[in-house]
2 protein chains.
Amino acid sequence: MSRVLVALGGNALEPAHGAGTWAEATTEMRRTAKSLAAVVAEGHELVLTHGNGPQVGNLLREAELAAREVPMPPMYVAGAESEGEIGFLIAQELSSALRRAGVPRAVVPVISRTEVDRRDPAFRNPSKPVGRFYSAAEARTLVRERGWVLRPDPHRGGWRRVVPSPLPRRWLEGSAVRAALDAGLADRCVFVVAGGGGIPVARNGSGGWTGVDAVIDKDRGAALVGRQLRCDSLVIVTDVPGAAVGFGTPRQRWLGVVSVRELQRYLDAGEFAAGSMRPKVEAVLDFVRAGGRRAVITDVGSLRRGIRGEAGTRVPSPRVRSPRLPTGGASRRR
Amino acid sequence: MSRVLVALGGNALEPAHGAGTWAEATTEMRRTAKSLAAVVAEGHELVLTHGNGPQVGNLLREAELAAREVPMPPMYVAGAESEGEIGFLIAQELSSALRRAGVPRAVVPVISRTEVDRRDPAFRNPSKPVGRFYSAAEARTLVRERGWVLRPDPHRGGWRRVVPSPLPRRWLEGSAVRAALDAGLADRCVFVVAGGGGIPVARNGSGGWTGVDAVIDKDRGAALVGRQLRCDSLVIVTDVPGAAVGFGTPRQRWLGVVSVRELQRYLDAGEFAAGSMRPKVEAVLDFVRAGGRRAVITDVGSLRRGIRGEAGTRVPSPRVRSPRLPTGGASRRR
């Protein structure tokens, strides 16, 4: 038995080329839920986190299209709404799947906030495009009226808002959820936390928190959650069977078991695409270097085998492997 | 020390005649958070629930206005999104207020589902208007294409969708949250639960849950949460200082301490307006009859005094008052 954090992204939440309907998302999640329930049935403590890119995109488009009639909330509010929407979707399908698998649990989605640092260099270089496409004239108005930063999109010929993507520093509800797990709640609950990496907030002058219009990378957020909950394993679920070197070239090779050192070398050599496999690899390295026992990148279908160490790109902790440290008794609660 | 459930509605979440902006909601919530923090500082275990009517209204209007570009999700998804949005709003302001009051706590909003029964008579008589106003021609299209029920609005001259308002039967995450509180989490957390009475779901044929387009009365939902968490007190926070008989007439009289029997008599006599004070009174009666020690209806400014038994309409448990039952040792955990 071990504590496993599964980070759901891409096809685990909705189909890649669908129309974006709720019915599609439900069908897709039902399939994912079956794999997740099997993990619980094998005796693991399961915690979930998830991405929210397409959902926030839809919420922002809705809010912009309705802005003449309904006051448009700040972008970070769409993050909060997406945590509600996706948390509900997961709860609906996973609670049923768990019961069918003979391991009934309450599925408890927690609205999560994640602290970012205003001094993060990402704030000087907003790079993540969000929301609708605008004409050059509309873009000028938005810069003036809302203070947005917009950039032309070279491929699709319009202008889009760009926001920073700072590193997540601390998941604010983490200590409470960890206390709940450590108090034995894991036997009756599956927590769903820090969707989309958590709603980005920054300290304000009066000792409180202010929402920040930004995109936290959900994989980096997952590594943070894994550290704060002291998970044994982090499994990043994506659309492909693992990380590959030479991806999309004739020399493409999927990585199986790979050491931190080797994976870092591939990362430094630019093997992994920014905004795609790169943040997953960074998250995996971050997690195992901070004490996680192992991290896996795999697809939904291989989730269970990935956790067993039989599929996906598997990165063991450098500590467990070191001859100077005991390997047998690696404690579950570091 | 006692476990107190506070149900926030109306002005506690946003101003009555504002424009519906996020900035307004933040300011209003900041004021409410100060009163809530004072309750924690007095040593009570605080749990929160809240309404979501205006927020769901805005989300539905946004979704309808954007429907040509973004597939419109079912209404119950807007309920989930509103739980995310309002949970985040509460967490932001309350976590700061708690720290300033010297009682730092994690504020943990839980996305909550509430079971309703398809055989509830409310499903035969949809009565709650939701979303936008439509012309008669649009209404006919919506009946045909979406299977909605629409009714003409006698005052504003358009057609609106109506949905059922069934009784909440069971809050699905309740046992997990109660286990967390009983394990001592209340010393470090304030849970925010079952916003809008919880997202309505009903059992489906395959042993799972299906979302239902309905409106659960948030006060009846609060009574259910209070029972499931075995709260000592339920405080319904609204825009007026309490319940009144002869409301809006020359004989208007605010009710202070009032017995279950007397309050039931006023309810039966039609003293309380449907959709307004009536469900609050029903919730209060429901809660104390099921074993709650007392229930209070009051406004934000009187919250602390209401919990002390010094303000608002206060309804003590009929059991505690009965001479046949011990009164002094009424246990905190019934």
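The values are calculated or read from the model by the stated rules, or taken from the named source; none is laboratory data. Remember, predicted model here, so these are calculated numbers, not experimental data. Methodologically, a virtual Cβ is constructed for each residue, glycine included, from the backbone with ideal geometry; neighbour enumeration extends over all protein chains shown. Accessible surface is based on the protein model in full, side chains and every heavy atom, while ligands, DNA and RNA are left aside. Shrake-Rupley method; radii C 1.70, N 1.55, O 1.52, S 1.80 Å.
Among the residues of B:59-69, the average count of other protein chain beta-carbon atoms within 10 Å of the residue beta-carbon is 5. Taking every alpha-carbon pair under 8 Å whose residues sit at least 6 apart, segment A:95-206 reaches a relative contact order of 43 percent. Rounded to the nearest 20 debye, the dipole size of the protein assembly as shown about its Cα centre is 1640 debye, using +1 on the Cβ of Lys and Arg and -1 on the Cβ of Asp and Glu. Helix B:22-41 sits at what angle to the longest principal axis of chain B, using alpha carbons and giving 0 to 90 degrees rounded to 10? Between helix and principal axis, roughly 20 degrees. Computed over all pairs of different Cα atoms, the Kirkwood value for the hydrodynamic radius of chain A is 20.7 Å. Averaging 1/r over each pair of different alpha-carbon atoms in segment A:72-122 and inverting the result gives 13.3 Å, the Kirkwood hydrodynamic radius. A label point on A:Arg119, set 7 Å along the Cα-to-Cβ line, lies at 6.5 nm from each of its counterparts in the other copies, closest listed first.
Can you say what percent of the DSSP beta bridges in chain B, counting only those with both residues inside, are antiparallel? Round to 5. So the antiparallel bridges in chain B amount to around 40 percent. Placing one equal scatterer on every Cα of segment A:249-326 and applying the Debye formula, the log10 ratio I(q)/I(0) at q = 0.25 Å⁻¹ is -1.29.
Please work out the Kirkwood hydrodynamic radius for segment A:170-222, using every pair of different C-alpha atoms, and report it in angstroms with one decimal place. Hydrodynamic radius (Kirkwood, Cα only) of segment A:170-222 equals 12.7 Å.
With axes computed from alpha carbons, what is the tilt in degrees of helix B:277-289 against the longest principal axis of chain B, rounded to the nearest 10 within 0 to 90? That works out to roughly 50 degrees.
In percent, what relative contact order does chain A have, based on Cα pairs under 8 Å that are 6 or more apart in sequence?
20 percent
Taking 20 Å as the straight-line reach from the Cα of A:Lys218, the lysines in range (excluding those fewer than 8 positions away in the same chain) are A:Lys128, A:Lys280. The alpha-carbon of A:Lys34 sits under 18 angstrom from the alpha-carbons of these aspartates and glutamates, leaving out residues fewer than 8 places away in its chain: A:Glu14, A:Glu24, A:Glu42, A:Glu45, A:Glu93, A:Asp239, A:Asp299. Using the Cβ-Cβ distance between B:Arg100 and A:Arg124 with R0 set to 35 Å, the FRET efficiency from 1/(1 + (r/R0)^6) comes to roughly 0.65.
Per residue, what volume in Å³ does the Cα convex hull of the protein assembly as shown take up? Walk me through the intermediate numbers first.
Working: hull volume 121.2 nm³, N = 668.
Roughly 181 Å³ of hull volume per residue.
Given a 1.4 Å probe and no ligands, DNA or RNA in the count, how much accessible surface is buried by B and A, both sides, to the nearest 100 Å²? Approximately 4500 Å², summed over both chains.
Pop out the carbon and sulfur fraction of the accessible area of the protein assembly as shown as a percent, whole number, probe 1.4 Å. It would help to have the intermediate numbers written out before the result.
Numbers: 13370 of 27390 Å².
The C+S portion of the solvent-accessible surface of the protein assembly as shown is 49 percent.
In the context of the full set of protein chains, residues of chain B present 41 Å² of accessible surface per residue (probe radius 1.4 Å, heavy atoms only).
Local charge sum around B:Ala25 (other residues, Cβ-Cβ under 13 Å, Lys/Arg +1, Asp/Glu -1)? Mind dumping the intermediate values first?
Details: positive: B:Arg30, B:Arg31; negative: B:Glu14, B:Glu24, B:Glu28, B:Glu85, B:Glu93.
Net charge around B:Ala25: -3.
Here r is the Cβ-Cβ distance between B:Ser2 and B:Arg140 and R0 is 56 Å; the resulting FRET efficiency, rounded to 0.05, is 0.55. Label point of B:Gly184 (7 Å along Cα→beta-carbon): distances to the other copies' equivalent points are 1.2 nm, sorted ascending.
Using the Cα centre of chain B as the reference point, and only Cβ charges (+1 on K/R, -1 on D/E), how large is the resulting charge dipole? Debye, rounded to the nearest 20. Before the final figure, lay out each step's value.
Details: 50 positive and 33 negative charges, 238 e Å.
Charge dipole, chain B, about its Cα centre: 1140 debye, nearest 20.
Centre-to-centre, using Cα atoms only, segment A:166-192 and segment A:303-319 are separated by 23 Å.
Compared with the rule-of-thumb size 2.2 N^0.38 Å for a compact globular protein, segment B:132-223 has a Cα radius of gyration ratio of 1.51.
Determine the sum of side-chain charges near B:Val107: Lys and Arg each +1, Asp and Glu each -1, restricted to other residues whose C-beta is under 12 angstrom from that of B:Val107.
Numbers: positive: A:Arg113, B:Arg99, B:Arg105, B:Arg188; negative: A:Glu173, B:Glu93.
Here the charged neighbours net out to +2.
Cα centroid separation, segment B:102-120 to segment A:193-210: 21 Å. Sites listed here are trypsin sites (Lys or Arg not before Pro) in segment B:28-133 whose DSSP assignment is loop and whose Cβ has at most 15 other Cβ atoms within 10 Å: B:Arg68, B:Arg118, B:Arg119. Each copy carries a label point for A:Met1 at 7 Å from Cα toward Cβ; from one copy, the others' points are 2.8 nm away, ordered from shortest. The angle between the Cα long axis of helix B:218-228 and the main principal axis of chain B comes to about 50°, on a 0 to 90 degree scale. The rotation axis bringing chain B onto chain A passes closest to the chain B residue reported with its distance as B:Gly84, 1, by C-beta distance in whole Å.
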